[in-house]
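Asks: Right, I'll just put the structure down here and ask away after.
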Amino acid sequence: MKRTADPDVHCTALLLTYRGKRRPLAHYQWVSWPDKFVPNQLTVPFTLLSSARARKTPTVIHCSAGIGRTGTLVVLEILSRQVYISF
């Protein structure tokens with residue numbers, strides 16, 4: 001297990017083992033965005049998503065509850081891809 005030292009986003013590189021097979025996994029947690037509030041910096045989600053896209057491993061991104069903030073990131077990723085495809 002390896003963790004980055006970013007104060008806004010924790011990224012942990014994990015190695016999962018199941019039935020003798022090993023698989024890398026990147027786990028992201030955006031810790032500087034409190035539940036039920038607006039994020040302080042708008043650059044953080046774009047940096048987080050860019051970092052997740054650059055990895056060549058499966059990625060898990062979630063907040064504590066897994067609905068509001070995570071859903072916002074999912075929508076942001078979908079919209080970013082649509083804008084990229086359109087231009």
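Asks: Test Arg69 against the criterion of being basic (Lys, Arg), modelled with pLDDT of 85 or more, surrounded by 11 or more Cβ atoms within 10 Å (Cβ to Cβ) and assigned to a helix (DSSP H, G or I), and give yes or no.
Replies: In short, no.
Asks: Could you say whether any residue in the stretch 8-19 is of a type in the set (D, E, K, R) and more than 15 Å from the chain's Cα centre (by Cα)?
Replies: Yes, the stretch 8-19 contains a residue that is of a type in the set (D, E, K, R) and more than 15 Å from the chain's Cα centre (by Cα).
Asks: Also, I was wondering about something else. For the stretch 14-45, how many residues meet the condition of being of a type in the set (A, V, I, L, M, F, W, C) and surrounded by 12 or more Cβ atoms within 10 Å (Cβ to Cβ)?
Replies: Number of matching residues: 7.
Asks: Just one of (1) assigned to a loop (DSSP other than H, G, I, E, B); (2) under 15 Å from the mean Cα position of the chain (by Cα); (3) in contact (Cβ under 8 Å) with a residue 12 or more places away in the chain trips up Glu77, so point out which.
Replies: For Glu77, the failing item is (1).
Asks: Yes or no: the stretch 46-57 includes at least one residue that is part of a helix (DSSP H, G or I), surrounded by fewer than 10 Cβ atoms within 10 Å (Cβ to Cβ) and out of contact with any helix residue (DSSP H, G or I) (no Cβ under 7 Å at 6 or more places or on another chain).
Replies: yes
The values are calculated or read from the model by the stated rules, or taken from the named source; none is laboratory data. Everything numeric here is computed off the predicted structure, so don't read it as measured data. No Cβ is skipped: glycine too gets one built from the backbone with ideal geometry, and neighbour counts run over all protein chains shown.
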